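Colleague: Sending over a structure as structure tokens; questions will come in a sec.
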Amino acid sequence: MPSNLQLYLLVAPVCITALGALMAFCWLAQRRSVFLLSTACGLTLTGLALGWQCLTPHGQLVRWAVYTGPIYLLGAWLCTWGVAQKFSVSSYPKISALVSIIVVAALYEYSIVQDNIAARVLWLNTGLGIIHFIPFPAIALKKSQT
């Protein structure tokens, strides 16, 4: 049975997952907006990964970092894809896949080979930031042309 602190820590993942469910509901009402579905899936995956990490005992977080990292990366890419769809630009999936492979390799290195939480956090957050930023130059260019 989870402690009260663990239940309190589940507030953020539940809210993120609920926001994803709300966006999926909006997509059901308005199917033309395909970006809502991909953003909903991205938010739901992010909420589930965060919830998984919140419920995992502290000593086992090292072992599960290699598994939760790709879920975060996929969730980030789905959200980015949704934004790119909204503005009709490419989300550059090959670049995102390359970034994801590098980040997962770094997560493996800093969790399985040598335990370094600071390096894991740095690599994962840098990868997530890069994935989120990839379509924004194309969006800015498209907005400046209109």
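The values are calculated or read from the model by the stated rules, or taken from the named source; none is laboratory data. Everything numeric here is computed off the predicted structure, so don't read it as measured data. Every residue, glycine among them, receives a Cβ derived from its backbone with ideal geometry; neighbour counts consider all protein chains shown. Surface areas here come from the heavy atoms of the whole protein model, side chains and all, with no ligands, DNA or RNA. Shrake-Rupley method; radii C 1.70, N 1.55, O 1.52, S 1.80 Å.
Colleague: Please count how many residues of segment 69-123 are over 17 Å from the mean Cα position of the chain (by Cα) and of a type in the set (Lys, Arg).
Modeller: 1
Colleague: Note down all Cβ pairs under 8 Å where the first residue falls in segment 79-107 and is more than 23 Å from GLY47 (Cα to Cα) and among the β-branched types (Val, Ile, Thr), the second is at pLDDT below 95 and exposed (fewer than 14 other Cβ atoms within 10 Å of the Cβ), and they're at least six residues apart or on different chains.
Modeller: VAL89/LYS142
Colleague: Applying the selection to segment 57-81, what residues are over 25 Å from PRO135 (Cα atoms) and surrounded by 17 or more Cβ atoms within 10 Å (Cβ to Cβ)?
Modeller: Within segment 57-81, the subset over 25 Å from PRO135 (Cα atoms) is 57-67.
Hits for segment 57-81 are ALA65, VAL66.
Colleague: Which members of segment 40-99 meet the condition of being in contact with a Pro (Cβ under 9 Å, 6 or more places away or on another chain) and at positive phi?
Modeller: Once the filter is applied, which keeps residues that are in contact with a Pro (Cβ under 9 Å, 6 or more places away or on another chain) and at positive phi, segment 40-99 yields only TYR92.
Colleague: Can you tell me which of (1) out of contact with any Ser or Thr (no Cβ under 9 Å at 6 or more places or on another chain); (2) open to solvent by less than 80 Å² (accessible area, probe 1.4 Å) is the one ALA49 doesn't meet?
Modeller: (1)
Colleague: Search segment 45-68 for residues that are touching a residue at least 40 places away in the same chain (Cβ under 8 Å) and pair each with any residue that is surrounded by 15 or more Cβ atoms within 10 Å (Cβ to Cβ) and of a type in the set (Lys, Arg) when their beta-carbon atoms are under 6 Å apart and the residues are at least 6 apart or on different chains.
Modeller: Here the result reads ALA65/ARG120, each pair linking segment 45-68 to a residue that is surrounded by 15 or more Cβ atoms within 10 Å (Cβ to Cβ) and of a type in the set (Lys, Arg).
Colleague: Let me ask something else. Among (1) open to solvent by less than 30 Å² (accessible area, probe 1.4 Å); (2) more than 22 Å from ALA18 (Cβ to Cβ); (3) under 18 Å from the mean Cα position of the chain (by Cα), where does ILE139 come up short?
Modeller: Failing condition for ILE139: (3).
Colleague: Right, next: Spot the failing condition for ASP115; the list is (1) touching a helix residue (DSSP H, G or I) at 6+ places or on another chain (Cβ under 8 Å); (2) assigned to a helix (DSSP H, G or I); (3) open to solvent by 70 Å² or more (accessible area, probe 1.4 Å); (4) in contact (Cβ under 8 Å) with a residue 40 or more places away in the chain, and only one is missed.
Modeller: The single condition ASP115 does not satisfy is (2).
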